[in-house]
1. Kindly provide the set of residues from the range 77-92 that are open to solvent by 40 Å² or more (accessible area, probe 1.4 Å) and within 13 Å of the chain's Cα centre (by Cα), ordered by number.
2. Can you name the residue in the range 16-39 that is closer than 15 Å to E64 by Cα and not charged (D, E, K, R) and, of all such residues, is surrounded by the most Cβ atoms within 10 Å (Cβ to Cβ)?
3. Tell me which residues, restricted to the range 1-15, are farther than 18 Å from F93 by Cα and either surrounded by 17 or more Cβ atoms within 10 Å (Cβ to Cβ) or over 15 Å from the mean Cα position of the chain (by Cα) (or both).
4. In the range 93-129, what count of residues is obtained for those that are among the aliphatic types (A, V, I, L, M), open to solvent by less than 30 Å² (accessible area, probe 1.4 Å) and closer than 19 Å to Q79 by Cβ?
5. In the range 40-59, which residue that is of a type outside the set (A, V, I, L, M), more than 17 Å from the chain's Cα centre (by Cα) and open to solvent by 90 Å² or more (accessible area, probe 1.4 Å) is nearest to N77 (Cα to Cα)?
6. Is there a residue in the range 42-58 that is within 25 Å of D20 (Cα to Cα) and assigned to a loop (DSSP other than H, G, I, E, B)?
7. Filter the range 107-129 for residues that are in contact (Cβ under 8 Å) with a residue 60 or more places away in the chain and touching a helix residue (DSSP H, G or I) at 6+ places or on another chain (Cβ under 9 Å) and give the result.
8. So, K66, is that one open to solvent by 70 Å² or more (accessible area, probe 1.4 Å), basic (K, R), in contact with a Phe, Trp or Tyr (Cβ under 9 Å, 6 or more places away or on another chain) and over 21 Å from N8 (Cα atoms) or not?
Amino acid sequence: MKIFRCQNIEYLFAHQCELDSEGIIVPKSGFEFVELFSGKKITFKEKSKIKNGNISYKQTVDIETKYTEISEIQNLNDQHLILKVYNINGESFTWGSLLPYNPVQLELDTEGRVADISFVRIHHLPELP
């Protein structure tokens with residue numbers, strides 16, 4: 001399993017993104033990536049799996065975040081997302097793709113004013129070197 005320590009994560013709904021002339025995912029006009037804050041360590045994990053001779057990679061990021069309005073977090077549920085994942089040096093990579101279409105989705109559990117979010121994606125190529 002490969003692990004990437006994250007400093008922070010930003011998200012944008014996939015329908016609010018487009019590809020620029022170089023094939024890089026960018027926000028459509030009027031939209032921008034939104035940062036998710038966490039007081040705990042954030043880790044991007046990637047685990048390979050071979051099934052019927054084919055390899056796939058399960059990629060996950062678990063984050064705990066506090067919120068003031070539940071709707072802020074519930075709006076992420078059942079959505080297709082593109083994330084920017086930043087390491088502790090400020091370097092980033094975009095997680096999720098538009099072409100081929102393979103966005104990130106999430107599993108959500110809330111208690112009190114804290115949300116446990118698991119971002120998940122299965123891909124045929126590794127994200128981490």
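The values are calculated or read from the model by the stated rules, or taken from the named source; none is laboratory data. A quick note: this is a predicted structure, and the numbers were derived from the prediction, not measured. Quick reminder, even Gly has a Cβ in these numbers, built from the backbone with ideal geometry, and neighbours come from all protein chains shown. These area figures cover heavy atoms from the full protein model, side chains too; ligands, DNA and RNA do not enter into them. Shrake-Rupley method; radii C 1.70, N 1.55, O 1.52, S 1.80 Å.
1. Here is the first cut: in the range 77-92, the residues open to solvent by 40 Å² or more (accessible area, probe 1.4 Å) are 77-80, 84, 86, 88-92.
Result: N77, Q79, H80, K84, Y86, S92.
2. Residues of the range 16-39 closer than 15 Å to E64 by Cα: 35-39.
Among the residues that remain, those that are also not charged (D, E, K, R) are: 36-39.
Values: L36: 21, F37: 10, S38: 18, G39: 8.
For the range 16-39, the residue satisfying everything is L36.
3. Going through the range 1-15, the residues farther than 18 Å from F93 by Cα turn out to be 1, 15.
Hit for the range 1-15 is M1, nothing else.
4. Keep residues of the range 93-129 that are among the aliphatic types (A, V, I, L, M), which gives 98-99, 104, 106, 108, 114-115, 117, 120, 122, 125, 128.
Retained after the next criterion (residues that are open to solvent by less than 30 Å² (accessible area, probe 1.4 Å)): 104, 106, 115, 117, 128.
Checking the rest, the ones that are also closer than 19 Å to Q79 by Cβ come to 104, 106, 115, 117.
Going through the range 93-129 one residue at a time, the tally reaches 4.
5. Filtering the range 40-59 for residues of a type outside the set (A, V, I, L, M) gives 40-41, 43-49, 51-54, 56-59.
Then drop every residue that is not more than 17 Å from the chain's Cα centre (by Cα), which leaves 48-49, 51-54, 56.
Add one more test, that the residue is open to solvent by 90 Å² or more (accessible area, probe 1.4 Å), and what stays is 49, 51-52, 54.
Details: K49: 26, K51: 29, N52: 32, N54: 30 Å.
That would be K49.
6. From the range 42-58, those within 25 Å of D20 (Cα to Cα) are none; that's our starting set.
For the range 42-58, residues within 25 Å of D20 (Cα to Cα) and assigned to a loop (DSSP other than H, G, I, E, B): absent.
7. Of everything in the range 107-129, just one residue is in contact (Cβ under 8 Å) with a residue 60 or more places away in the chain and touching a helix residue (DSSP H, G or I) at 6+ places or on another chain (Cβ under 9 Å), namely I117.
8. Values: open to solvent by 70 Å² or more (accessible area, probe 1.4 Å): yes; basic (K, R): yes; in contact with a Phe, Trp or Tyr (Cβ under 9 Å, 6 or more places away or on another chain): yes; over 21 Å from N8 (Cα atoms): no.
So K66 fails the test.
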